[in-house]
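Since every read-out is calculated from the coordinates, none of them should be taken as a lab result. From a predicted model like this one, the values you see are computed outputs, not experimental measurements. Positions of Cβ are generated from backbone atoms using ideal geometry, with glycine treated the same way; all protein chains shown enter the neighbour counts.
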Amino acid sequence: MGGGDASGGDGPEQELKRAAAAAYNYEGDARWAEYWSNILVPPHLASRPDVVDHYKRKFYQRYIDRDLVVEPMSSTGSTQPSGPEVRIKFQISCTTAPTATNRQCYKSLTKPRAWNMPAVQGWLQAVLGTKDFIHLMFSLMLFTSQLHLKIAALPVFCWALDHVARFLRRNFARSSFYRSYLEEPCLWVETNNTTLSLLSSNAEIALGFLLTISLFSWQRSIIQTFMYWQVLKQMYHAPVTASYHQSAWAKIGRIVNPYIHRYAPFLNTPISAAQRWWFR
């Protein structure tokens, strides 16, 4: 009884606050337009009413009534974490990855020497093996994924560390602030680049296996899983990433193969078929 009264004392107050937030004239408040323009939301999510309403409540809490409790999106009547909310946050957090890698590709890759088939084919072969293009393909897979696998953000984090360290060293090496506070972390990133690349490669391979396992769930995407394994295959063969991926796969083989030969020899045939496709 006492618990019900306590919860009821706060409930009606929050209901009134939520009603006031819903009735607020956001279009008439210039701060709302500025606030909404500064939120990085993918276009296919920005048109969803639940997403817009959520950020309106966040705006109302920030500028009008700080006592308003903003609940997670799509959480009405549910005690479990909201799947749509987690997926939205995951996609928002990964929006910058394809944008940044696309810009890097545009800056680093030149145009074909001539617009004929042999020249374009040679140009495409050169482009497909570059690190920037591989990162772009990985980022697009990450951004369009219906799964919110947090391990997918680890390679992006490793790339970001490397890019930031190189950028700071190239542009701010003479700055006293850089020499005092940033030089040592940036030097650590550059000297441990191999370790970061191996960590990134292991995360990329682990993501491939997780996508394969997801084929047995309702969130499965056969096309996306196949395309991601194509990207992994490209990473295995591309000179810029081959050494790291080949090292990771060799370690996996040394650990897994004895168990397969001993306990599951029937898997040798499908594994051999997969290897023929992989090395083709």
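A few points about this structure:
- When peptides 171-178, 140-147 are ranked by their average number of other Cβ atoms within 10 Å per residue, the highest-first order is 140-147, 171-178.
- Ranked by the mean number of other Cβ atoms within 10 Å of their residues, highest first, the peptides 265-276, 183-194 fall in the order 183-194, 265-276.
- Charged-residue dipole, Cβ positions (Lys, Arg, Asp, Glu), the range 139-236 about Cα centre, Debye nearest 20: 160
- Here the simple spin-label model places points 7 Å from the Cα toward Cβ, and for Tyr178 and His237 these points are separated by 4.0 nm.
- Among the lysines of the range 94-278, pairs at least eight places apart or on separate chains and with Cα atoms under 19 Å apart come to 4.
- Inter-label distance, Asp29 to Gln14: 2.0 nm, where each label sits 7 Å from its Cα along the C-beta direction.
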